[in-house]
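I have placed the structure first, in the form of structure tokens, so that the comments after it can refer back to it.
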Amino acid sequence: MNNKLYIATILNNLSDVYLFLNKNEIAFQNFEKAKKMNLEVENLRGLCNSYLGLAKIYTNQKKYKKALIAALKSNEVSTKLGLLNYQRDVQKLISNIYKNIGNYKKSLIAHQQFKKLNDSIFNKKNIKRIAQLENEYKHKQELISAQIRE
């Protein structure tokens, strides 16, 4: 189909797998290709993932200046789009990068931001689960009421 949006998404996903398998060079090449395609089709979510992946690879390679640039780009896009999971992950990475370059104050600030985002995501999941349980309970009560009336 030659759909660049789909290709970029697949490249990002493959890159995540290669990164997990510590095949940084292949992951890097795919993230770079995905980044270019995401820029072409203006896929900001995919671009956020590409930058985050590149930042992780640069961090693994101890290229902290490049890692920080890519991480900050990912953070900018994820903040713009309100993507809490990406924001959380990138703040964790930024904290690690700053720690490795000896900027402990910025590392602490990024870590605090990571904790805040992590708590926010956790709370949203809990609120959603509570609402789901309430709905299930109400539904069961309605069934019981209907059975009693019969």
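The values are calculated or read from the model by the stated rules, or taken from the named source; none is laboratory data. Bear in mind the structure is a predicted one, so any value in this text is a computation, not a measurement. Ideal geometry is used to build each Cβ from the backbone, glycine not excepted, and the neighbour counts take in all protein chains shown. Protein only, heavy atoms only, side chains kept; ligands, DNA and RNA dropped before computing areas. Shrake-Rupley method; radii C 1.70, N 1.55, O 1.52, S 1.80 Å.
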(request) For region 86-106, name all the residues that are of a type in the set (S, T, N, Q) and more than 19 Å from the chain's Cα centre (by Cα). (result) ASN100, ASN103
(message) Among the residues that make up region 116-125, is at least one of them polar (S, T, N, Q), farther than 24 Å from VAL17 by Cα and open to solvent by less than 60 Å² (accessible area, probe 1.4 Å)?
(response) yes
(request) Filter region 12-48 down to the residues that are at negative phi and outside any helix (DSSP H, G or I), then identify the one that is surrounded by the most Cβ atoms within 10 Å (Cβ to Cβ). (result) ASN43
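For every residue, the table says whether it meets (1) more than 29 Å from LYS124 (Cα to Cα); (2) modelled with pLDDT of 95 or more; (3) hydrophobic (A, V, I, L, M, F, W, C).
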| site | (1), (2), (3) |
| --- | --- |
| LYS4 | yes, no, no |
| LYS33 | yes, yes, no |
| GLU40 | yes, no, no |
| LEU52 | no, yes, yes |
| ILE94 | no, yes, yes |
(message) I'd like the full set of residues that are surrounded by fewer than 15 Cβ atoms within 10 Å (Cβ to Cβ) and of a type in the set (S, T, N, Q), limited to region 55-78.
(response) ASN60, GLN61
(message) Among the numbered criteria (1) assigned to a helix (DSSP H, G or I); (2) over 27 Å from ASP119 (Cα atoms); (3) not acidic (Asp, Glu), which one does TYR51 miss?
(response) (2)
(message) Return the residues of region 1-17 that are under 18 Å from ASP89 (Cα atoms) and either in contact (Cβ under 8 Å) with a residue 12 or more places away in the chain or touching a strand residue (DSSP E or B) at 6+ places or on another chain (Cβ under 9 Å) (or both); say none if nothing qualifies.
(response) ASN12, SER15, ASP16
(message) So GLN91 passes all but one of these: (1) touching a His at 6+ places or on another chain (Cβ under 8 Å); (2) closer than 24 Å to LEU11 by Cβ. Which condition number does it fail?
(response) (2)
(message) Of the residues ASP119, ASP89, only one is under 22 Å from ASN24 (Cβ atoms), assigned to a helix (DSSP H, G or I) and among the acidic types (Asp, Glu); which?
(response) ASP89
(message) Against the definition (among the acidic types (Asp, Glu), out of contact with any Gly (no Cβ under 6 Å at 6 or more places or on another chain) and buried (at least 18 other Cβ atoms within 10 Å of the Cβ)), how does ASP89 come out, yes or no?
(response) yes
